[in-house]
Every structure is written in structure tokens, then in C-alpha cells.
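The values are calculated or read from the model by the stated rules, or taken from the named source; none is laboratory data. Just so you know, these numbers come straight off a predicted model, no measurement behind them. We place every Cβ from the backbone using ideal geometry, glycine too, and count neighbours over all the protein chains shown.
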There are 2 protein chains.
Amino acid sequence: MQREQTFKLKKKPKIIGSYSIVGPKEGNGNFGDYFDYVMKNDCFGEDTFEKAERKMLETAITGVIQKAKLQPRDVDMMIAGDLLNQIISSSYAARAFQFPFLGVYGACSTMAESIAVGAVLVDGGYCDNIVCCTGSHFSTAERQYRFPLELGNQRPPTSQWTITGAGACVLSLAGEGPRVSMVTFGKVVDWGVKDVNDMGAAMAPAARDTLLSHFHNTKTTPEDYDLIVTGDLGKLGSEILIDLMEDEGITLGVNYGDCGQMYFRHDQKTLCGGSGAGCCATVFNSYIMAKLRDGQYKKVLFLPTGALLSTTSTQQGDSIPCVCHAIVVES
Amino acid sequence: MQREQTFKLKKKPKIIGSYSIVGPKEGNGNFGDYFDYVMKNDCFGEDTFEKAERKMLETAITGVIQKAKLQPRDVDMMIAGDLLNQIISSSYAARAFQFPFLGVYGACSTMAESIAVGAVLVDGGYCDNIVCCTGSHFSTAERQYRFPLELGNQRPPTSQWTITGAGACVLSLAGEGPRVSMVTFGKVVDWGVKDVNDMGAAMAPAARDTLLSHFHNTKTTPEDYDLIVTGDLGKLGSEILIDLMEDEGITLGVNYGDCGQMYFRHDQKTLCGGSGAGCCATVFNSYIMAKLRDGQYKKVLFLPTGALLSTTSTQQGDSIPCVCHAIVVES
């Protein structure tokens with residue numbers, strides 16, 4: 001049985017502003033020309049990487065409010081989350097503003113989760129302007145989830161590189177911008193992958209599940225979208241997703257891409273590509289939004305995945321449950 | 001300037017079922033007669049405390065669906081969060097069900113945050129039935145946030161006892177039950193408290209902020225409610241809140257209470273009382289809902305607070321940002 005997981009939004013809230021900030025390595029990648037701000041180094045003037053991550057989120061929020069031509073007092077709510085324990089980057093960033101704060105957690109799917117919730121709140125007439133934000137930092141994620149940075153651990157070929165960056169957007173019914181027409185909330189899917197260095201393989205089944213639900217609920221096919229884009233399945237995970245969908249008789253063609261797979265140039269040595277909540281957040285709020293605004297893309301299906309593990313669950317032998325939330329944005 | 005933070009719900013979604021499960025110490029406390037299930041021990045048949053916490057959430061979700069006289073296929077969405085890193089208790093519990101999953105993080109305010117979001121989704125016509133759930137476990141919280149359990153660390157007099165328990169409820173427009181009439185999303189408030197053993201003092205200003213906004217936005221006073229109840233400010237924090245409100249010319253009278261302050265009997269030696277996301281979740285979904293259902297309470301303002309710190313933010317010298325989300329439930 002296919003459950004009804006897709007909400008079709010009557011008023012189709014607009015994304016009236018988007019902002020992206022990244023680290024220097026990300027700025028040298030394939031999307032370098034599209035970001036609003038490229039930091040000179042990963043510390044961003046702070047004495048810890050965690051405070052740098054927080055400052056990126058604050059910068060993205062301040063930046064997106066300006067780009068949306070709003071004042072802080074116009075913002076009715078901030079919806080944000082991140083990868084750090086207790087989503088401290090988002091909560092501490094929220095402290096800097098006087099916005100009602102809705103903290104969410106969807107790991108690397110957070111950009112879509114926050115936009116999905118925000119779009120519903122705007123569509124339902126509960127809020128006028130909502131800021132959605134997320135980000136990640138290579139050095140905070142690496143030392144929280146994996147190994148001390150000082151260890152200089154060798155990375156297996158399936159591993160990905162956590163993006164240092166943050167993205168934010170503003171949802172509204174007023175103003176101009178691409179519209180969020182549908183949102184699909186994903187189920188938690190776990191096919192038993194336990195390798196924390198192979199997130200793409202763990203997350204691909206969640207993307208499959210949400211894609212199948214979305215196509216079924218909306219009676220659309222891949223051909224209905226100019227771009228179908230996952231978040232950070234990476235090179236391996238996105239190939240797995242193509243195979244899994246092929247098994248279901250659905251071909252993801254040249255209009256399918258993955259932000260993590262596309263993020264870096266080959267000589268940047270990131271193995272399977274970019275990852276982290278900031279990966280799709282910075283691509284969506286720069287490159288994808290630019291192409292939607294100039295009409296090159298008419299209809300985009302954005303469906304980042306998140307791996308919902310923790311170091312504790314891994315240490316206790318659990319496999320990796322994943323989720324994938326989808327939004328449709330139309331120019 | 002007071003920002004409009006309160007949503008008045010036109011259709012007033014009903015809470016058609018509630019369920020609570022607690023550990024043995026909690027079962028011996030003041031609300032012992034009201035809980036649906038009291039575990040014989042804190043392990044609940046699992047080999048780790050984290051897995052026991054997860055099983056409590058699964059039990060609460062299964063239990064509340066039965067009590068609401070629904071089938072799992074009737075549930076459109078599950079909204080949940082908890083205190084563990086990456087909210088693993090909620091995500092892994094969600095894995096056991098085939099519900100679209102919206103992960104939220106508001107620390108000990110999660111019960112109100114999830115009901116607030118869920119009530120809006122039901123009120124707006126996006127979902128028919130939503131399960132909201134949260135919980136906490138003394139042993140998982142203690143060893144994640146504070147010290148190894150084996151250390152047997154002495155507890156300072158301002159400390160509180162994390163509740164081992166989980167609570168869940170079902171929101172719907174069909175069926176019978178008390179109604180959620182208003183929700184107020186809180187701002188992140190930080191008055192500079194750094195003592196992680198005095199959460200009540202850290203969180204009281206957030207409760208003050210949300211209370212002032214709520215009273216202002218809804219043009220209500222304390223006398224309009226049969227019960228105004230915070231989550232886990234504890235004995236000290238609830239007294240601080242009373243003082244802070246008194247300074248604003250608002251008297252919280254005998255109709256004000258705090259779940260943490262009321263949870264345990266004096267001889268149970270919990271110092272400032274109960275705490276944790278499971279604290280207000282189990283009291284709300286047992287005692288408070290029972291009194292609403294039998295008409296003893298006509299109108300309840302439920303506003304749990306959450307401390308949005310992590311061990312990393314504490315180690316880096318940060319103070320404790322807090323949030324407080326409020327819902328109004330009417331019989």
C-alpha cells in the first residue's frame with residue numbers, strides 16, 4: 001500500500017530569497033561561481049570550528065533576510081537544524097535573532113525538511129515569512145562522528161567529504177520567486193547497512209522509497225521534472241539509486257543529479273563527493289535557485305536524504321536508518 | 001515590540017488518545033496511578049539503556065494508536081524528538097513503523113513542540129491523524145550529558161532527576177477528546193546561566209518570554225486557565241519563574257504548577273524534582289489529559305521549556321540557550 005505522503009500546496013509559497021556561504025575548498029569546487037560568500041579559511045575568525053559553523057548559519061540568516069528585502073521584524077519563524085549533537089549550531093544561531101524557533105532534525109535532509117514544514121506553515125496562512133536554514137562543517141562533523149582531526153585518518157574509497165557551508169532561504173506568499181508546489185515527507189528506511197563510511201549505500205533506499213511515493217502520489221514521472229536532485233548520496237549512492245529505480249521500471253535520466261556527486265572537481269580528491277547538511281543546502285540556495293529564477297529550470301524535485309545514526313547507535317551495533325524528504329519547486 | 005507568535009487554530013484539533021510509560025521510580029511518584037504502563041526495571045528487557053529508551057517510545061506509539069482506536073495505516077505522520085544525540089530514540093522508533101517521520105528537537109520542550117507542529121498540520125487540513133511522541137531515560141541522559149553512571153557522582157542541590165518514561169498522543173479532527181486551540185512558538189532566550197546542574201534557572205527566562213508573548217497575543221491572563229503548567233523547571237526554576245512574572249506584574253497563583261516539581265514524593269530524594277523530555281510528556285499524557293477528559297480542567301496552558309546546550313557548547317564555555325513552546329488545550 002502506498003500511503004499519502006505528499007501535500008499539494010494550494011497557495012504555492014514562494015522562495016523570495018536564498019543565500020549560501022561556503023569554505024575555501026567548496027569555493028574552488030564546481031559551484032564556486034554561484035555562492036554568495038566564500039570564506040578565506042574554515043575558522044571564520046572564531047576560536048573553535050563549532051563557533052565557526054554557528055557563525056556561518058548566522059551569516060546565512062542575516063544575508064538571506066537582506067536578499068529577501070525584509071527586516072528581521074518581518075520574520076515570523078526560523079526553522080533550522082544541523083548535524084551537531086543537540087543541533088547547537090542552529091539553536092545558538094537562533095539566539096542571535098528574536099525569531100520564534102522551530103528546531104528540526106533530519107541530518108543531511110534538513111534543508112528539505114525545514115522548507116517542507118515552512119512551506120506548509122506559509123501555505124496554511126499561519127506565517128507570512130519563514131527563514132529556513134541549515135549547514136555543516138567538515139571539521140566539526142569529522143571530529144564528532146568519526147575521528148580526531150589530528151589523527152589524520154586514512155579515508156576509505158566510499159567515504160565523502162563533509163561540506164563546510166550553510167544555506168538559507170525565505171518562504172513567503174508576498175514578493176517574487178520560485179514556488180514550492182508540493183512536499184513529500186519520507187518514512188524511515190533501513191536496509192541494514194552498517195558501514196558508517198558508506199552513507200550513500202545506506203541512504204539510497206530512503207531516496208528510492210520517497211521517490212516511489214512521490215511519483216505515485218503525484219502521478220508524475222521523471223520526465224515531468226527538469227531536474228531531480230538528491231542531496232549527498234555521492235558517486236556510489238547515486239548510482240545505487242539509479243539501479244534501485246531501474247529495478248522498479250523507472251529510469252532516472254540525464255535530468256537526475258546528486259549535489260554531493262557534482263560538488264567537487266575530480267582533482268579535489270574527495271573520493272565519493274560532498275556530504276553533510278550544508279552540501280545540498282548550499283547547492284540548492286545558489287546554483288539550483290539561480291537556474292529556477294532565470295527560467296532554465298521550470299520544475300525541480302529536490303529530495304535530500306539523511307542518515308539518522310549516532311556514534312552511540314553505531315557502537316551498539318545498530319544499522320543506519322535513513323530518511324528522505326522531498327519538495328517540488330517551480331519557476 | 002511583541003511579535004505575533006501565537007497561532008489560533010480554527011478547527012481546534014482533538015487529542016483523541018494519549019499514552020504514558022514510565023520506569024519504576026516514576027511509577028512510585030505522585031502520578032503513579034495515572035500512567036498506562038510502569039516498567040518493572042529500567043532495562044525493559046534490552047541490553048542497553050538506549051535500546052530501552054527506544055523501546056519505551058515504540059511502546060508508547062503502539063499503545064496510543066490502540067487507545068485512539070486507530071490502525072497504523074490511519075496515521076499520516078509521526079512527529080518526535082528526544083534528548084539523545086541525533087535524536088536516535090525517535091528515529092529508530094520511527095523505523096519500526098511505516099509513518100512519514102518529522103524529527104524535531106526542542107530538548108525538554110519537545111512534547112509541546114511536536115503537538116504544536118502537529119496541531120497546525122491537522123488544523124490546516126494537511127493530515128488526518130498525527131502521532132506526537134517523546135521520551136527520556138535517566139541512565140542514557142546521565143551518561144550522555146553528565147558523568148558515567150559507574151562514577152556515582154554526588155549531585156548538587158539544584159540538580160534534577162531525568163525521568164525514565166515516554167509519552168505519546170494522537171491529534172485528529174475526527175473522534176473525541178480535548179482540543180488544541182492555540183499554539184505559541186518560543187524564541188531562544190539566554191540570560192547567561194552556565195551551570196549545567198541548574199537547568200531550572202537557565203530555562204525560567206524562556207518560560208517568562210513565552211508566557212508574556214502568549215498572554216499579550218491572546219489577551220488572556222493567568223485567571224483564564226484552570227492550569228498553567230511548565231515542564232521541568234523543577235522546584236527552584238518554577239520559583240524563579242513566579243518571581244520573574246511577579247516583576248512583570250503578573251501573578252502565577254495556585255493554578256500554576258511544574259511537572260518536574262510535582263513529579264516525585266519528597267522521600268524519593270530527587271532534589272529539585274524531575275526533568276527530561278519524558279517528564280512533562282508522561283504527566284501531560286496521563287494526569288493532565290485525564291483531568292481534561294473528565295472536565296475537571298476546562299482550559300490548560302502547557303508550556304514546557306528546553307535547554308538547547310550540548311556537552312560541546314558547555315566545554316567551549318558557552319552559556320545555555322533555552323526555548324519554551326506553549327499549547328492551549330481545552331476540554
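Quick notes on this one:
- Of residues in segment A:26-42 being of a type in the set (Asp, Glu) and within 18 Å of A:Ser139 (Cα to Cα), the one surrounded by the fewest Cβ atoms within 10 Å (Cβ to Cβ): A:Asp42
- All told, A:Gly167 falls short of being touching a residue at least 24 places away in the same chain (Cβ under 8 Å), under 30 Å from A:Glu58 (Cβ atoms), assigned to a helix (DSSP H, G or I) and not hydroxyl-bearing (Ser, Thr, Tyr).
- Segment A:44-68 - residue that is outside any helix (DSSP H, G or I) and touching a residue at least 12 places away in the same chain (Cβ under 8 Å) and, of those, farthest from A:Gly165 (Cα to Cα): A:Ala68
- Complete set of residues in segment B:1-24 that are of a type in the set (A, V, I, L, M), surrounded by fewer than 22 Cβ atoms within 10 Å (Cβ to Cβ) and not in a loop (DSSP other than H, G, I, E, B): B:Ile16
- Only listed residue being in contact with a Lys or Arg (Cβ under 7 Å, 6 or more places away or on another chain), of a type in the set (Val, Ile, Thr) and modelled with pLDDT of 95 or more, chosen from B:Val193, B:Val180, B:Val189: B:Val180
- The strands (runs of 3 or more DSSP E) found wholly in segment A:233-331 and carrying at least 3 residues that are out of contact with any Gly (no Cβ under 6 Å at 6 or more places or on another chain) occupy A:256-258, A:299-303, A:326-330.
- Residues that are surrounded by fewer than 24 Cβ atoms within 10 Å (Cβ to Cβ) and not aliphatic (A, V, I, L, M) were ranked within segment A:90-122; the one that is farthest from the other protein chains (Cβ to nearest Cβ) is A:Phe97.
- Residue in segment B:273-290 that is out of contact with any Ser or Thr (no Cβ under 7 Å at 6 or more places or on another chain), surrounded by fewer than 18 Cβ atoms within 10 Å (Cβ to Cβ) and closer than 23 Å to B:Met56 by Cβ present: yes
Quick grid of which residues meet (1) in contact (Cβ under 8 Å) with a residue 40 or more places away in the chain; (2) among the hydroxyl-bearing types (Ser, Thr, Tyr); (3) outside the structural domain of B:Ala281 (by TED's automatic domain parsing):
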| position | (1), (2), (3) |
| --- | --- |
| B:Ser91 | no, yes, yes |
| B:Met111 | yes, no, yes |
| B:Leu121 | yes, no, yes |
| B:Gly124 | no, no, yes |
| B:Cys127 | yes, no, yes |
| B:Gly135 | yes, no, yes |
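- Residues of segment B:69-89 classified as assigned to a loop (DSSP other than H, G, I, E, B), in contact (Cβ under 8 Å) with a residue 60 or more places away in the chain and either touching a helix residue (DSSP H, G or I) at 6+ places or on another chain (Cβ under 8 Å) or crowded, with 24+ Cβ neighbours inside 10 Å (or both), total: 3
- Selection within segment A:93-109: residues that are part of a helix (DSSP H, G or I) and without any contact (Cβ under 8 Å) to a residue 40 or more places away in the chain. The member of this set that is farthest from the chain's Cα centre (by Cα) is A:Arg95.
- Taking each residue of segment A:302-316 that is farther than 16 Å from A:Leu84 by Cα and looking for partners that are among the hydroxyl-bearing types (Ser, Thr, Tyr) and not in a loop (DSSP other than H, G, I, E, B) with beta-carbon atoms closer than 7 Å, six or more apart or interchain, yields A:Leu303/A:Thr210; A:Leu303/A:Thr230; A:Pro304/A:Ser109; A:Pro304/A:Thr230; A:Thr305/A:Ser109; A:Thr305/A:Thr230.
- Residue in segment A:77-84 that is closer than 18 Å to A:Gly186 by Cα, under 19 Å from the mean Cα position of the chain (by Cα) and facing chain B (nearest Cβ under 9 Å) present: yes
- Residue check for B:Tyr297: within 26 Å of B:Tyr37 (Cα to Cα), within 14 Å of the chain's Cα centre (by Cα) and more than 14 Å from every other protein chain (Cβ to nearest Cβ): no
- Filtering segment A:93-104 for residues that are of a type in the set (Lys, Arg), out of contact with any His (no Cβ under 7 Å at 6 or more places or on another chain) and farther than 20 Å from B:Gln144 by Cα leaves a non-empty set.
- Residue within segment A:25-43 that is assigned to a loop (DSSP other than H, G, I, E, B) and of a type in the set (A, V, I, L, M) present: yes
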